[in-house]
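The next block holds one structure in the form of structure tokens; read it before the comments.
The values are calculated or read from the model by the stated rules, or taken from the named source; none is laboratory data. These figures come from a predicted structure and were not determined experimentally. Neighbour counts run over all protein chains shown; Cβ positions are idealised from the backbone, glycine included.
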Amino acid sequence: MFYIDKEYISIEKAEAAERWFSALTWLKEAHTLRVAVCTEKIEDWLLFCLFMKKRGGSVVPLHPSMTEEGARAAAKKTNSHILVYKSFIAPIVSERLDREKEGVLVQMSSGTTGEPKVIERTWHSIEEELEQYAAIFPLSRSTPSIVACPTTHSYGLICGFFATLKRQAIPVVITNHHPKAILSAVKKWDKALIYAAPALIYPLAQLSKEKLFAVMISGNLMPAKWFNHVKKAVTHLLQQYGCSEAGCVALHPSPERPDAMGFALPHVKIEAGTENSPSEIIIHKNGQTIYTKDLGVLTQAGELRYAARMDDMINVAGMKVYPKEVEEILLENTSVQEAVVYKKEDKWTGERVCVQLVGSKEQEEELKRYCKTRLVPYQIPVEWHFVSSIAAMPNGKVSRKRLGEMTG
């Protein structure tokens, strides 16, 4: 069925877990409940999620690092009946009295550009996504997956875990996301597809002595320098695009450039702009229209290309600055390891360009001179912040909005 690190969870063990959950008094009417779960035992979380999916109940996955206070607040915000904090034996009951009418997976949006939103997706919607995802999966259906990202987020849970089970292949969920721990799993599962955040894929490609079999990129757009290195280090490089409301909507079997997100899954229609005029990516799915707040391009061949988050674009006295364009130039300089460009309000220009880099403050003047040779004046960062590492959220994404708030 699946692995948690080196421990195999068999069908028999999953069936035993189902019987155990069924015997819990508070779960007698599981299909009417919304249960928030925060546990460090990933095996328990996944088995419970499978149980609730089968019973038609609702679940709210919470990152295992949450404090009890944070978990209680999240359970309240998501209108949960029950909070499981570490223990399924002694759950925390809320005051909600009405019952669920339909089972849903409740998730929080990434929060990269603002306050995370509560998003509900029916199990029917997720099953449709899984069927379409499996139908156009570009590798062998029996390809196992190494899930090296949180299964409390849709990328790891739906695409990494559920979709692999849908293909009747084996998901291998890794709890230690250090590159060396993942490469240890790769040695055993050398023909597996790795699901991980772009910021983790790059060091994996650097550290691996052997060519990696297959890697999936999703989430943050990978810098061109990283992308080109990874592409050489991987036999099969795949990329996908989606959003919390619709799940995965595009999959690319072999991207040639970092912004190439893929081609629409059969059950969705995607709208976007042209190369000279990127516009908002709009998803049409089962009569629903979803505005992603992402800027993108749809080529004549139907390839979706990502440009930027609408909220991330910087307006400098009426001139548009796309953070990725500035980051790419900075990363071409060999002294820059990582860079994230973001905006702040400016009373003279409306907004100003800021950057956080991994490196030393002594590099600032040299990099400013370098930027003057590669960027137009309004694109050059006004504020420079040098750090030992750039803070990411639990899902591996970097919030430009939060960086702007953190640096004052």
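Structure notes:
- Counting the residues of the stretch 161-210 that are small (Gly, Ala, Ser) and assigned to a loop (DSSP other than H, G, I, E, B) gives 5.
- With respect to the conditions (1) surrounded by 14 or more Cβ atoms within 10 Å (Cβ to Cβ); (2) part of a loop (DSSP other than H, G, I, E, B), Thr334 lacks only one, and its number is (1).
- Assessment of the stretch 142-164 against the conditions (more than 22 Å from Gln107 (Cβ to Cβ) and polar (S, T, N, Q)) yields at least one matching residue.
- Contact map, the stretch 171-186: residues that are more than 12 Å from Pro150 (Cα to Cα) paired with residues that are hydrophobic (A, V, I, L, M, F, W, C) and exposed (fewer than 14 other Cβ atoms within 10 Å of the Cβ), Cβ distance under 8 Å, separation 6+ or inter-chain. Pairs shown: Pro179/Leu207; Lys180/Leu207; Leu183/Leu207.
- When Gln132, Gln107 are checked against the criterion of being under 22 Å from Tyr291 (Cα atoms), touching a Leu at 6+ places or on another chain (Cβ under 7 Å) and polar (S, T, N, Q), a single residue qualifies: Gln132.
- Candidates in the stretch 160-169 are the residues that are touching a helix residue (DSSP H, G or I) at 6+ places or on another chain (Cβ under 7 Å) and more than 14 Å from Leu47 (Cα to Cα); of these, the one that is surrounded by the fewest Cβ atoms within 10 Å (Cβ to Cβ) is Lys166.
- If you go through the stretch 75-88 and pick out every residue that is at pLDDT 95 or above and over 13 Å from Val60 (Cβ atoms), you end up with 1.
- Single residue of Ser65, Ser80 found to be within 23 Å of the chain's Cα centre (by Cα) and touching a residue at least 24 places away in the same chain (Cβ under 8 Å): Ser65
- Matching strands (runs of 3 or more DSSP E) fully within the stretch 240-296 where at least 1 residues are more than 17 Å from the chain's Cα centre (by Cα) and of a type in the set (D, E, K, R): 269-271, 279-285
- Residue check for Leu105: touching a residue at least 40 places away in the same chain (Cβ under 8 Å), within 27 Å of Val215 (Cα to Cα), touching a helix residue (DSSP H, G or I) at 6+ places or on another chain (Cβ under 8 Å) and not acidic (Asp, Glu): yes
- Which listed residue, of Glu303, Glu328, is in contact with a strand residue (DSSP E or B) (Cβ under 7 Å, 6 or more places away or on another chain) and among the acidic types (Asp, Glu): Glu303
- Residue, modelled with the highest pLDDT, within the stretch 379-401, restricted to residues that are assigned to a helix (DSSP H, G or I) and touching a Ser or Thr at 6+ places or on another chain (Cβ under 8 Å): Arg400
- Residue match in the stretch 120-127 (condition: out of contact with any strand residue (DSSP E or B) (no Cβ under 6 Å at 6 or more places or on another chain) and within 25 Å of Asp259 (Cβ to Cβ)): no
- Some residue of the stretch 258-269 being in contact (Cβ under 8 Å) with a residue 24 or more places away in the chain and loosely packed, with under 15 Cβ neighbours inside 10 Å: yes
- Subset of the stretch 297-315 that is farther than 15 Å from Leu265 by Cα and free of Cβ contacts under 8 Å to residues at least 40 places away in the same chain - its residue that is nearest to the chain's Cα centre (by Cα): Ala308
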